[in-house]
Amino acid sequence: MKTHRLFALAGLFALCAAGAAQAHYPICECRMVEGETVQCTGGFSDGSKAPGVVLDVIAYDEQVLVKGKLGPDSTLSFQRPAQDFYVLFDAGPGHTVEIEHTAIK
Amino acid sequence: MRNDSMRHYWQRGKFHLSALMMLVPLPFLPDYFSPKPIFVPPEIRRDIAVGPFPVTLATYDEAPARMPTGERMKEYRIHIRPADIDRVRGVFLRVGKPRSLRTAGALAFGNPYEREADVTVPDELGGREELWVTMEDWSGGVHQASLPLGEIFGGKR
């Protein structure tokens with residue numbers, strides 16, 4: 001009898017704990033460090049890092065300027081291109097972040 | 001004396017009273033079985049043809065949510081015709097025209113009859129933004145369509 005009640009309580013708790021499923025989405029942040037070097041940090045909204053995930057720097061004419069991957073510390077540094085560009089953090093189809101060059105300060 | 005007879009009636013009647021309680025849900029039954037929703041969520045719907053696929057976009061009439069990581073996100077639900085479900089490989093949503101297939105935006109996921117996508121919304125909107133829908137079919141074809149974001153945004157503007 002006691003175990004039954006315990007199971008019922010556990011079941012109730014499991015039902016309440018199952019909140020709305022929120023997909024974890026990629027996040028990326030770029031900023032200027034020392035002179036003309038841009039440093040981008042990628043990750044996911046659940047707090048996990050993204051070492052090895054593709055991060056490309058692409059000109060507005062779709063020419064890929066830097067073809068990179070995040071290092072073990074989940075960052076990538078590159079020289080700031082002279083032309084207009086955007087940073088594409090690409091963790092797979094539908095899991096991308098785009099950062100315009102105007103937003104990198 | 002009178003108190004005694006009241007108690008007598010109560011003792012006799014309470015069983016029948018509890019049986020009567022079973023009838024309480026009866027007036028609610030027609031609503032319960034009718035196909036119309038009992039609580040209609042305040043939502044916005046728009047029909048749009050993406051290449052050969054007619055789809056319906058739906059979203060709640062509320063402003064985008066500010067995520068803990070700083071960006072604003074809005075949830076959209078995409079209804080595809082049941083006949084098209086096996087033909088559609090993916091549905092992507094993005095505010096602004098995608099530059100390439102890599103930047104097609106948020107990939108819709110979940111129930112194939114009602115896929116949902118969490119779309120990143122820019123912090124500042126000029127009012128002329130468009131919501132772009134990109135659909136990829138299993139033969140590799142890519143179809144795109146757009147509608148003004150203001151039509152399917154919701155919340156206070």
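The values are calculated or read from the model by the stated rules, or taken from the named source; none is laboratory data. Here the structure is a predicted model, which means the values were calculated and not measured. So basically every Cβ, Gly included, is an ideal-geometry build from the backbone, and we count neighbours across all protein chains shown.
If you go through segment B:113-135 and keep only what is free of Cβ contacts under 8 Å to residues at least 40 places away in the same chain and loosely packed, with under 15 Cβ neighbours inside 10 Å, you end up with B:Tyr113, B:Glu114, B:Glu124, B:Gly126, B:Gly127, B:Arg128.
Do the conditions hold for B:Gly90, that is, is it among the small types (Gly, Ala, Ser) and within 13 Å of another protein chain (Cβ to nearest Cβ)? Show your work before the answer.
Values: among the small types (Gly, Ala, Ser): yes; within 13 Å of another protein chain (Cβ to nearest Cβ): yes.
So B:Gly90 fits the description; yes.
Residues are listed down the side, and each one gets a yes or a no for (1) within 12 Å of another protein chain (Cβ to nearest Cβ); (2) at pLDDT below 90; (3) more than 30 Å from B:Arg77 (Cβ to Cβ):
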site	(1), (2), (3)
A:Leu12	no, yes, no
A:Ala18	no, yes, no
A:Pro26	yes, no, no
A:Glu36	no, no, yes
A:Gln39	no, no, yes
A:Ile58	yes, no, yes
A:Asp61	yes, no, yes
A:Pro81	no, no, yes
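If you go through segment A:83-101 and keep only what is within 12 Å of chain B (Cβ to nearest Cβ) and of a type in the set (S, T, N, Q), you end up with just A:Thr96.
Among the residues of segment B:93-111, some residue qualifies, meaning at least one is at positive phi, within 14 Å of chain A (Cβ to nearest Cβ) and within 18 Å of the chain's Cα centre (by Cα).
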